[in-house]
Amino acid sequence: MCDSGGMGEVLKSKRGLGFAACCAASSLWGCGFFFGKIALAEMNVGAMVFYRFAFALLVLLPLLATHKPGLNRREWGVLLMASFLGVPLQFLIQFYGLSLTTVSHASLMVGTLPVILAVGASVFMRERMDGIGWVALACSTVGAAMIALGGHSGGKGEATLKGDLLVVFSLLISLAWILLNKQLVERHSPVVVTAYGLAIGWLMLCVAVPVLFGLPPVSGVSAKAWWALAGSGVLCTATTTLLWNWGMTQVPASQAGILLNMEPLIGSLLGVVVLRETLGPSAWTGGGLILVAAVTLTTRSRAQASNSVVSYEL
């Protein structure tokens, strides 16, 4: 009984740390559009994404040197596919969408990702959420919608439907990246999956960016833009992916997905505090719903992930 109770406390503690890691990752991701918009004022989408991952790779280089991958042939295929979907394809589309819309709108569109992830995890990973989990998911989604309906005033540029839809489309691509990474971190260290996945993705950018956008600029870029690129690479890419991939080893993807709504919440707060945008009462209420849903899910839901291994046809 004592051993069983002690093991239960350890598992509960690791589950809590897993949720904390996913929450921290989502919160830092919320700064990504803000940093990206600063850099996009001085360079094109391809250059901005290229430098973002270059800075991330600088942080991950020591991990590449100290961690052997240990992947088999099939797992290398999964990692290559995840890297392609999660780095060049997702980010080039997402930040092209950002270049056509506002930081606030792009952040708010991310509120659709938890729904996409929960459905994807249910279909592909055979995960099931209990009633409390689904209610929390619904409340979080309603909260994101209320933020969007709350409106924004001012801001540089205007939101466009094309830009918003491109951001949502990139989230559909990120679903595949999340589920493929979850499969890999069930067998390998999150550090290995993160470091090698982002390194492969950056090498793909080295090929794609010059062809599609031209060579990234090395001069004529302000210190402000370089700091924004460094922040987006170190904080919003390397740190977030390490935290997220580790967190996904401790909690089901469908539960972790609810915490992704921290991203639009943080993005909206940056709009209010830094960009001096104004949110209405419904938007503030929506932010509260997101936080309440996140707390409810992490403390009350008993959803479990399937132990079965999902086979991906690549």
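The values are calculated or read from the model by the stated rules, or taken from the named source; none is laboratory data. These numbers were taken from a predicted model, which means no experiment stands behind them. Surface accessibility is based on the protein's heavy atoms, side chains included, excluding ligands, DNA and RNA. Shrake-Rupley method; radii C 1.70, N 1.55, O 1.52, S 1.80 Å.
Descriptive notes on the structure:
- Inside region 221-248, residues that are farther than 27 Å from Val185 by Cα, assigned to a loop (DSSP other than H, G, I, E, B) and of a type in the set (A, V, I, L, M) make up a count of 1.
- Taken together, the residues in region 27-44 that are open to solvent by 10 Å² or more (accessible area, probe 1.4 Å) and either at pLDDT 95 or above or not in a helix (DSSP H, G or I) (or both) amount to 5.
- Residues that are over 23 Å from the mean Cα position of the chain (by Cα) and either at pLDDT 75 or above or part of a loop (DSSP other than H, G, I, E, B) (or both), drawn from region 133-155: Gly151, His152, Ser153, Gly154, Gly155
- Among (1) within 15 Å of the chain's Cα centre (by Cα); (2) at pLDDT below 80, the one test that Ser282 misses: (1)
- Answer from Val218, Val209, Val251 - the residue that is assigned to a loop (DSSP other than H, G, I, E, B) and open to solvent by less than 10 Å² (accessible area, probe 1.4 Å): Val251
Yes or no, residue by residue, for (1) under 20 Å from Ala238 (Cα atoms); (2) open to solvent by 40 Å² or more (accessible area, probe 1.4 Å); (3) modelled with pLDDT of 90 or more:
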{"residue": "Lys14", "(1), (2), (3)": "no, yes, no"}
{"residue": "Ala21", "(1), (2), (3)": "yes, no, no"}
{"residue": "Ala25", "(1), (2), (3)": "yes, no, no"}
{"residue": "Gly46", "(1), (2), (3)": "yes, no, yes"}
{"residue": "Arg52", "(1), (2), (3)": "yes, no, yes"}
